[in-house]
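Scroll down for the structure; my scribbles are underneath it.
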């Protein structure tokens, strides 16, 4: 158990940190799989996954089971269990037998719970965290720092060999050019401070081999925060179809799909790297804010106006200080949420996805944030979604299937509404209006519009 002084230690993020070993922050060639502990299914691990009900954690579970690992999945009481159907679609050969999942609800801040969770496992993938820069250090530290300390210590006592820890790409100090794992860090929020101290602790303490992931902004199925609320923008602006100007330029970022973050964790489990190694996880697809929003609107089936406006960088930077205060952000989020509630009721949505501004994502609007991903790729890892447009299409499709977004795109609903209205009360006028279309055919006119909308040929 961690002593009281260590558990409540705080430090300036700019301090030089001690390490268990003098290891590089970049990858080396993968170790031989024979060096790994074996359990259950031949050479496969029994793995504990924390935060298993979350956006990334649930995908980690699916990937592990698909590869034949036995998984003990845990999350807080009441959390949604992972959908194991995804394991059938994961990376597996016909000769690979699916692994199994044991679901355990528990509070990781309880030492007894942590001790019971690690019994019988030989690897841990720790994704659980509280991500909210508006919350104080004292509130976040129990899960983001102290639970990491406890989990690592009981893991050492239980003989666990590998510990994969999810940190954050937000730790880096601003930099012009690609950010590499050895670059300086700077904690500017309580959340980042807890993450930095957790890394420091894992560096300093003896125990299981540690590999750490520092993901870029994550998007993907089950996502609710950070990038995810952007998926609601086309619906909110659907009444202005064809009138909203496009944005050109803006800061450049490379994001990462949640499935690729999960796959990176599993990859490091199967190809362990030197103790203390850290890895950025971000795709190769580097885009400006304007390019991202064009994709979001296009896949949301809302057309942009021909007018293009430059990204208002100076205005955004001037407004950023306001977003460091809780009150204006809370007011903005309440306003857009009230508008969205009407959409939820009208389309019978689940209410899981809510439009909001997350202050953790705001710094990405201030300047370029470009992550170098060469270290993780040097281990042999390949991205499933190297292209944002494909990954975002997958995400929006999932949101619609799960009733997080309206299933019918806004432009299709307007078309169908117009057709139904015309056919019921203005049948003759509608026929006359459709006549100018090629072939004078109502079916041809409607089919043409549907096809154009379905394929998003017009912004």
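The values are calculated or read from the model by the stated rules, or taken from the named source; none is laboratory data. Fair warning: this is a prediction, and the values are worked out from it, not measured in the lab. So basically every Cβ, Gly included, is an ideal-geometry build from the backbone, and we count neighbours across all protein chains shown.
For the reader, a short list of remarks on this structure follows.
- Residue count for the range 299-320, restricted to those that are part of a loop (DSSP other than H, G, I, E, B), closer than 25 Å to residue 359 by Cα and in contact (Cβ under 8 Å) with a residue 60 or more places away in the chain: 2.
- Scanning the range 183-194 for residues that are free of Cβ contacts under 8 Å to residues at least 60 places away in the same chain, assigned by TED's automatic domain parsing to the domain that holds residue 262 and touching a strand residue (DSSP E or B) at 6+ places or on another chain (Cβ under 6 Å) turns up at least one hit.
- Tallying residues that are in a loop (DSSP other than H, G, I, E, B) and surrounded by 15 or more Cβ atoms within 10 Å (Cβ to Cβ) within the range 321-351 yields 1.
- Flag for residue 294 being touching a residue at least 40 places away in the same chain (Cβ under 8 Å), in a helix (DSSP H, G or I) and over 24 Å from residue 199 (Cβ atoms): yes
- If the condition is being modelled with pLDDT of 95 or more and more than 8 Å from the chain's Cα centre (by Cα), then the range 209-227 contributes 209, 210, 211, 212, 213, 214, 215, 216.
- For residue 436: the one exception among (1) out of contact with any helix residue (DSSP H, G or I) (no Cβ under 7 Å at 6 or more places or on another chain); (2) in a loop (DSSP other than H, G, I, E, B); (3) at pLDDT 50 or above; (4) not assigned by TED's automatic domain parsing to the domain that holds residue 59: (3)
- Enumeration of residues in the range 294-307 that are touching a helix residue (DSSP H, G or I) at 6+ places or on another chain (Cβ under 8 Å) and within 12 Å of residue 388 (Cβ to Cβ): 295, 296, 299
- Evaluation of residue 165 against the conditions (1) touching a residue at least 60 places away in the same chain (Cβ under 8 Å); (2) outside any helix (DSSP H, G or I); (3) under 18 Å from residue 108 (Cβ atoms) shows that the sole unmet condition is (1).
- Test for residue 263: is it assigned by TED's automatic domain parsing to the domain that holds residue 377, crowded, with 17+ Cβ neighbours inside 10 Å and either without any contact (Cβ under 8 Å) to a residue 24 or more places away in the chain or part of a helix (DSSP H, G or I) (or both): yes
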